[in-house]
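Structure first, commentary second.
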Amino acid sequence: MKIEEAIEKYLEYLIKELNYSPLTKVDYQNDLKIYEEYLKRHNLNYLNITKKEILDYLKFLDDHKYSNKSISRNLSTLRSFYTYLVEVKVLVENVFRRVHNPKVEKKLPNFLNAVEIENILDSIKEDTKENIRDKCIFELLYSTGLRVSELSDLKINDIDLKERSIRVMGKGSKERIVYFGDYAFKLCEEYLNIRGYFLKKGEIEYLFINKIGGKLSRQSIEGIIERISKKYSLNHKFSPHTLRHTFATHLLDEGADIRSVQELLGHENLDTTEIYTHVSNERLREAYLKYHPNKDR
């Protein structure tokens, strides 16, 4: 099988079998394209690649000013691709499992403090039906830690107001349950009471609807949060992912255990969640250096 055909089958597998988003597929496709072009340029066969040749490829990426983060992502893509080749019996061994990802410096995530969240929510007046919807979206992103794509894909039947819970289909078709509090419950009720205003051609299954009666897309939700950021945030701009960071940071600050936060975020690996412990630890350090009387002795 030629590499072009193998890549095409693998990308199809990501969408149909693993239920990856089209956006994620594009990321994988771009990584594999770089690899494919490198192999052709160096007259290498993807089925007989050696560990040394992989290391040479990583050096090629480094020489072309790819960051460690980009190299690590590219390597992870290739490791997944070769795992697929083993599963479909094109290969018997995944040589990429012998190569470790480069160390990536973890950048502390940006987040809002509790006062900022409260001030923004208080500033969003519920004087239009769009504002009622958008305020509900903001609060749900903050109170549940949902990804934007997950919020966009929510259906009416996924939310249980009585239990204050939402059934979420996350990455790789992995289902999880997230929870929300009384304030989010109140905003959800208000939105559901006016949701019919957005309906144009009968009922649709998605929870959040745009002005023409269709599903509110990921890009539209990002636009809503961007508008809220520009209009109501006095200190700095923020994105939907900032609200996800804020959700995790506030939970850990209030004493939640990291395993629970991992489950709520839908992280496959605990390492991904541990970045938020660094945020909390750094805040503790700052508090100590600011307030302890013997800090300078």
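The values are calculated or read from the model by the stated rules, or taken from the named source; none is laboratory data. Computed from a predicted model, the values in this text were never measured in an experiment. Neighbour counts are summed over all protein chains in view; Cβ atoms, including those assigned to glycine, are modelled from backbone coordinates with ideal geometry.
Quick notes on this structure:
- Residue 25 being part of a helix (DSSP H, G or I) and out of contact with any helix residue (DSSP H, G or I) (no Cβ under 8 Å at 6 or more places or on another chain): no
- Residue satisfying all of: in the stretch 200-222; loosely packed, with under 12 Cβ neighbours inside 10 Å and not charged (D, E, K, R); modelled with the lowest pLDDT among these: 202
- Residues (surrounded by 15 or more Cβ atoms within 10 Å (Cβ to Cβ) and either at pLDDT 95 or above or under 17 Å from residue 84 (Cα atoms) (or both)) located in the stretch 17-26: 18, 20, 24, 25
- Some residue of the stretch 141-150 being in contact (Cβ under 8 Å) with a residue 40 or more places away in the chain, of a type in the set (A, V, I, L, M, F, W, C) and outside any loop (DSSP other than H, G, I, E, B): yes
- In the stretch 56-79, the residues that are assigned to a helix (DSSP H, G or I), of a type outside the set (S, T, N, Q) and surrounded by 12 or more Cβ atoms within 10 Å (Cβ to Cβ): 56, 57, 58, 60, 61, 62, 69, 71, 73, 75, 78, 79
- Taking the conditions (1) closer than 16 Å to residue 142 by Cβ; (2) in a loop (DSSP other than H, G, I, E, B) in turn, residue 222 satisfies each one other than (2).
- Within the stretch 227-251, the set of residues being crowded, with 20+ Cβ neighbours inside 10 Å and outside any loop (DSSP other than H, G, I, E, B) comprises 228, 240, 242, 243, 244, 245, 246, 247, 248, 249, 250.
- Residue list for the stretch 22-68, restricted to those being closer than 30 Å to residue 150 by Cβ and charged (D, E, K, R): 25, 27, 31, 33
- Boolean, residue 52 is part of a helix (DSSP H, G or I), of a type outside the set (S, T, N, Q), without any contact (Cβ under 8 Å) to a residue 40 or more places away in the chain and over 18 Å from residue 9 (Cα atoms): yes
- Checking residue 115 against (1) in contact with a Leu (Cβ under 9 Å, 6 or more places away or on another chain); (2) without any contact (Cβ under 8 Å) to a residue 60 or more places away in the chain, the condition it does not meet: (1)
- Only one entry of 39, 44, 14 meets the criterion of being surrounded by 14 or more Cβ atoms within 10 Å (Cβ to Cβ), touching a Lys or Arg at 6+ places or on another chain (Cβ under 9 Å) and under 26 Å from residue 92 (Cβ atoms), and that entry is 14.
- Options 110, 101, 131: the member that is over 25 Å from residue 20 (Cα atoms), of a type in the set (S, T, N, Q) and part of a loop (DSSP other than H, G, I, E, B): 110
- Applying the condition of being out of contact with any Leu (no Cβ under 7 Å at 6 or more places or on another chain) and small (Gly, Ala, Ser) to the stretch 144-197 and asking which residue is modelled with the lowest pLDDT yields 170.
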